[in-house]
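Inspection log for the structure reproduced underneath, given as structure tokens.
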Amino acid sequence: MLTRAPEEPTVREFDAAVTSVDGRDVTLDQTYFYAESGGQPADRGTLGGIPLDDVQKADGSVVHTLASAPDFDEGETITGVIDDDFRTYCMRAHTASHVLYGAGRRILSDLGYGGFDISPEKVRVDFVTTTEIDDGVLVELERLVNRAVWDARPVSWEEVPAEEAFERDDVAFNTKTEEGVMDDSDTIRLVTVEDWDVAACGGTHVSNTLEIGPVTVLDRSNPGEGLTRVEFAVGLTGIDRRATVHRAALDTARELETSVDDAAEAAASLRAEKQSLEAERRELESELLTERITEFEALAKNGAQWHVGVLDGFDSNDAGDVAKDVVREENETDVVAAVGAGERPYLVVAAGSDSGVDAGDVVSRATDEFGGGGGGGATFAQGGGLDADPADVTSFLKDA
Ligand SMILES: [Zn+2]
């Protein structure tokens with residue numbers, strides 16, 4: 001026979017007659033254990049004092065798989081004890097998912113049920129919706145759920161004729177919960193959170209939203225086209241997560257020397273300030289680089305004006321950018337060759353297009369001489385990892 005768990009979810013101990021024993025698999029004339037279905041896991045507990053491994057539906061009956069083969073036989077009466085902590089957790093978690101869906105009804109567009117699952121740490125609900133569930137929407141869903149918990153809304157369940165249920169347009173259906181709901185063929189089990197949500201569901205629920213306790217939204221993701229998955233926690237996981245987030249908010253506000261309410265604004269203005277300082281720093285560095293490069297020793301080679309020298313404390317990319325600018329903007333400079341100070345110097349070469357000098361060629365001659373690697377085109381090239389003293393590289397460039 002089917003489980004009585006959804007009808008009487010508060011029963012934790014019951015007697016039943018054994019109708020079959022097959023290895024570790026046992027069936028009973030009645031059971032209050034919940035068989036895994038519709039996203040709710042199987043109950044835990046003991047049967048005749050033996051721990052349960054699993055509870056599943058099979059061929060219209062409920063199969064209890066024990067951890068070891070039982071010492072009782074068909075026809076005997078045994079006692080089943082349902083693990084109170086786990087069942088109570090599942091009831092709270094399951095009802096919370098209905099309350100979350102009810103919250104979704106209030107703020108999400110074109111809403112549909114995409115799926116549902118309870119794990120020992122968290123619960124997920126998949127929404128079909130055209131609304132983008134961003135941070136703001138996520139927080140509002142959480143707020144509405146906790147508000148509905150606080151409102152202490154009665155939760156009830158009843159079997160109604162299937163036709164009647166399908167005619168109502170306020171009932172949430174999903175294929176997974178229908179597994180549990182459709183077993184009784186021509187009736188459907190409706191779970192109602194008063195003035196909040198109605199869903200076809202075969203799970204176990206608390207009888208008032210107050211029993212759910214605090215609900216904490218953990219995350220969201222997009223498991224598929226048009227689906228948004230919202231993960232949340234009831235119980236200890238949620239309470240601990242809340243403490244973590246609260247602590248992080250307070251730490252952040254303290255570091256920013258402001259209140260939690262003003263922390264985001266303070267962080268945004270700090271970032272803007274950092275960006276503007278960074279821009280200023282780059283400009284100053286570029287000015288300094290330009291000055292250094294224009295102070296390089298000038299020499300004329302084959303009719304082209306070269307500026308050759310060593311740069312200390314500048315990145316090769318920055319040096320390259322400024323070298324190109326100098327060649328472009330200073331009429332008296334045709335070629336800039338800058339060597340980075342340090343153990344394995346870099347070399348950047350910028351050459352004007354009418355200078356008669358090929359920058360790539362200059363770099364490859366230097367790397368042929370001193371090792372390292374690099375390359376580039378006629379107007380700009382760079383090398384790195386040269387195995388030489390920077391002064392030797394500049395001498396080579398001047399003499400070559
Ligand atoms: Zn349910």
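The values are calculated or read from the model by the stated rules, or taken from the named source; none is laboratory data. Because the structure is a prediction, the values reported are computed rather than measured. Reconstructed Cβ throughout: ideal geometry from the backbone, glycine too, with neighbour counts over all protein chains shown.
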Checking Glu179 against (1) outside any loop (DSSP other than H, G, I, E, B); (2) at pLDDT 90 or above, which test does it fail? (2)
Which residue, of Ser97, Ser109, is assigned to a loop (DSSP other than H, G, I, E, B) and among the small types (Gly, Ala, Ser)? Ser109
Matching option when the condition is at positive phi and crowded, with 23+ Cβ neighbours inside 10 Å, among Gly23, Gly104, Gly48, Gly39: Gly39
Might you let me know whether segment 54-71 holds any residue that is closer than 30 Å to Arg241 by Cα and either surrounded by fewer than 17 Cβ atoms within 10 Å (Cβ to Cβ) or within 16 Å of the ligand (Cβ to nearest atom) (or both)? no
Listed residues Ser68, Ser20; which is farther than 26 Å from His98 by Cβ and either part of a loop (DSSP other than H, G, I, E, B) or basic (Lys, Arg) (or both)? Ser68
Given (1) within 16 Å of the ligand (Cβ to nearest atom); (2) modelled with pLDDT of 95 or more, Gly80 misses just (1)
Matching residues, segment 123-150, being closer than 19 Å to Glu211 by Cβ and of a type in the set (Lys, Arg): Arg147
Regarding Pro120, is this residue in a loop (DSSP other than H, G, I, E, B), surrounded by 18 or more Cβ atoms within 10 Å (Cβ to Cβ) and away from the ligand (no atom under 15 Å from the Cβ)? no
How many residues are under 20 Å from Glu121 (Cα atoms) and either without any contact (Cβ under 8 Å) to a residue 60 or more places away in the chain or not in a loop (DSSP other than H, G, I, E, B) (or both) if we restrict to segment 232-263? 14
Which one of these is under 24 Å from Tyr34 (Cβ atoms), of a type outside the set (Ser, Thr, Tyr) and either within 16 Å of the ligand (Cβ to nearest atom) or exposed (fewer than 14 other Cβ atoms within 10 Å of the Cβ) (or both): Ala199, Ala272? Ala199
Listed residues Tyr101, Tyr34; which is in the same structural domain as Ile133 (by the TED database) and touching a residue at least 60 places away in the same chain (Cβ under 8 Å)? Tyr101
Among the residues of segment 202-255 satisfying the criterion of being of a type in the set (Gly, Ala, Ser) and within 24 Å of Arg153 (Cβ to Cβ), which is nearest to the ligand (Cβ to nearest atom)? Gly203
Of the residues that make up segment 350-366, is at least one in a strand (DSSP E or B) and closer than 16 Å to Leu386 by Cα? no
Here are the criteria: (1) of a type in the set (D, E, K, R); (2) in a helix (DSSP H, G or I); (3) more than 31 Å from the chain's Cα centre (by Cα). Tell me which single one Arg147 does not satisfy. (3)
Scanning segment 3-42 for residues that are more than 16 Å from the ligand (Cβ to nearest atom) and of a type in the set (A, V, I, L, M, F, W, C) gives Val11, Phe14, Ala16, Ala17, Val18, Val21, Val26, Leu28, Phe33
